[in-house]
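The values are calculated or read from the model by the stated rules, or taken from the named source; none is laboratory data. This is a predicted model, so every value here is computed, not measured. Note that we place each Cβ from the backbone using ideal geometry, even for glycine, and neighbour counts take in every protein chain shown.
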There are 2 protein chains.
Amino acid sequence: MLPAPPAGETWIGDDAAVVVPPVGGLLLTADLVVAGVHADLGLVDLADFGWKAVAVNVSDIAAMGGRPAYALVSVAGPVGVDLPRLYEGIGAASDEYGCPVVGGDLSSSDCLVVSVAIVGDTGDRPPVLRSGALPGDAVFTTGPLGGSAAGLRLLREGLGAQAPELVSAYARPRARVAEGRAARAAGATAMVDVSDGLSADIRHLAEASGVGIVLDQVPVAGRATVEEALGGGEDYELIFSATNPGHVAASFAEAGLRQPIAIGHCTSDSLERRLGDGDLPLAGWEHEWRV
Amino acid sequence: MLPAPPAGETWIGDDAAVVVPPVGGLLLTADLVVAGVHADLGLVDLADFGWKAVAVNVSDIAAMGGRPAYALVSVAGPVGVDLPRLYEGIGAASDEYGCPVVGGDLSSSDCLVVSVAIVGDTGDRPPVLRSGALPGDAVFTTGPLGGSAAGLRLLREGLGAQAPELVSAYARPRARVAEGRAARAAGATAMVDVSDGLSADIRHLAEASGVGIVLDQVPVAGRATVEEALGGGEDYELIFSATNPGHVAASFAEAGLRQPIAIGHCTSDSLERRLGDGDLPLAGWEHEWRV
């Protein structure tokens, strides 16, 4: 179900894959998803689970302003798992992001775990770390937040059919590769993807950069709640800081992308965490459905 | 517990690690180990389990004649797992093979799974695939076999103290990186590591190369049995074919390595699988202790 390598490369079938190195610095990331922790297979399809395993890793590459190049996918699962269905989703995400599966492993296990590693490249410019935000920088999100948590909530309530776009945000999250590259081209000073929730992830950026954060607004996706936008997580939109908002607008326009949403700015008080007139609440994704 | 990056690189702590690309073509491999499948934690220490997760991946790079460069380590496990102990073994193997852990993930799960991906490099020569063996090539192993299976057997019988070197072969297998490089330098035409057992792994090499195999001897480690050497697996010695045995001897001598053991040769009858006067038995590692 997975594509064959070009001439000169060896993918699946030898001890290791042999590939042409991508351009520029290497980006390396690995994340795993566990059935019952990162996805409830009573609510989403096994193909969605496979998609998600790849997409969350691609999102980490996107958050550096990089491009995914190669994926390694290892699966541990109980005998009887519908592997073709799982790999259908893995393959679909791999195709979508131009990141072929060049190797991996398969083992029996009592739990279903899909572990992905991705090799990406920075291209011709340095990647965007979390640590470069400066006081005065504007803060953007590439899209409204809370959709994934809202989608999960509606699925649990049996109301998924009412909001397919939120269900999709949960079941088949999108990695914002083009947006990350546009942000980097616009001189983004720091960037992170929203995996734990806006409140937690903006803190990661602020702490790494040693800046304060003042948010003026929380863009909420569809029928999500503000709480879901702040603490739901798994949206995989990108949050980034940039010194010149005009460059950001121009870069996203040039790339044909939806404009990012300005949500606040960085300050010189490295302990400041503010939302409007109050404190930015502490909230983060808690694997809430886990027993 | 893990080392910090050199200037100019970013390892753990951002969305993805940023590293300098290694020399030559990239080698990519990923394997995971599952507690109760790949190691019995009633018999070996958690640090050994961590070591093994890294070493089996390094072995795949060794089997290409490559060098490991960077590791990504993702762990899914139950709350309460002694992570410092696990990472002690991961860190020890990472140090041993000069392959720093630059990223990864940590998640809760009912099963303990350690998933490793390694990026290696081929250096200045093409890697050794499984598929290049030629009729007439000599076949070598870098060491006697069956030690890992024998070590496990003795541990189960409560006799581990009698054969620490066999226990160590099971609990802390060695990846043969220097040997793989010496074999490549000697013009090895095909190579594979012994993970499933000599009988199965030499078949992998023969099938990929389209050659027959005639084995004259089975080098058996210590108190192991011939059956363990043929079918035990997890020895992580390398098996390779080479056209010029003199080059092999010289290359291993020059590298200061124990001479590999000539165990047979390749033939032009691609279906031939012979051991001495009889058929090479079908045998392979079966996760035999799994309930």
Number of positions in the range B:118-147 that are in contact with an Asp or Glu (Cβ under 6 Å, 6 or more places away or on another chain), within 14 Å of chain A (Cβ to nearest Cβ) and aliphatic (A, V, I, L, M): 1
Could you list all residues from the range A:163-173 that are in contact (Cβ under 8 Å) with a residue 60 or more places away in the chain and not hydroxyl-bearing (Ser, Thr, Tyr)? A:Ala163, A:Ala169, A:Ala171, A:Arg172, A:Pro173
All-but-one check, B:Ala283 against (1) modelled with pLDDT of 95 or more; (2) in a loop (DSSP other than H, G, I, E, B); (3) of a type in the set (Gly, Ala, Ser), failing number (1)
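Just name the residue that is surrounded by the fewest Cβ atoms within 10 Å (Cβ to Cβ) out of those in the range A:1-39 that are among the acidic types (Asp, Glu) and touching a helix residue (DSSP H, G or I) at 6+ places or on another chain (Cβ under 8 Å).
A:Asp14
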Taking the residues in the range A:7-47 that are among the charged types (D, E, K, R) and not in a strand (DSSP E or B) as candidates, determine which candidate is nearest to the other protein chains (Cβ to nearest Cβ). A:Asp15
Could we say that B:Asp31 is under 25 Å from A:Ala53 (Cβ atoms) and in contact with a strand residue (DSSP E or B) (Cβ under 9 Å, 6 or more places away or on another chain) here? yes
Within the range B:153-195, of all residues that are part of a loop (DSSP other than H, G, I, E, B) and basic (Lys, Arg), the one nearest to B:Leu238 (Cα to Cα) is B:Arg176
B:Arg67 fails exactly one of (1) within 9 Å of another protein chain (Cβ to nearest Cβ); (2) buried (at least 17 other Cβ atoms within 10 Å of the Cβ), namely (1)
It is to be established whether one or more residues within the range B:198-214 are over 20 Å from B:Ala242 (Cα atoms) and in a loop (DSSP other than H, G, I, E, B). no
Can you give me the number of residues within the range A:13-45 that are among the β-branched types (Val, Ile, Thr) and within 14 Å of A:Tyr70 (Cα to Cα)? 5
When the range B:58-90 is checked residue by residue, the ones that are of a type in the set (Lys, Arg) and in a helix (DSSP H, G or I) are B:Arg85
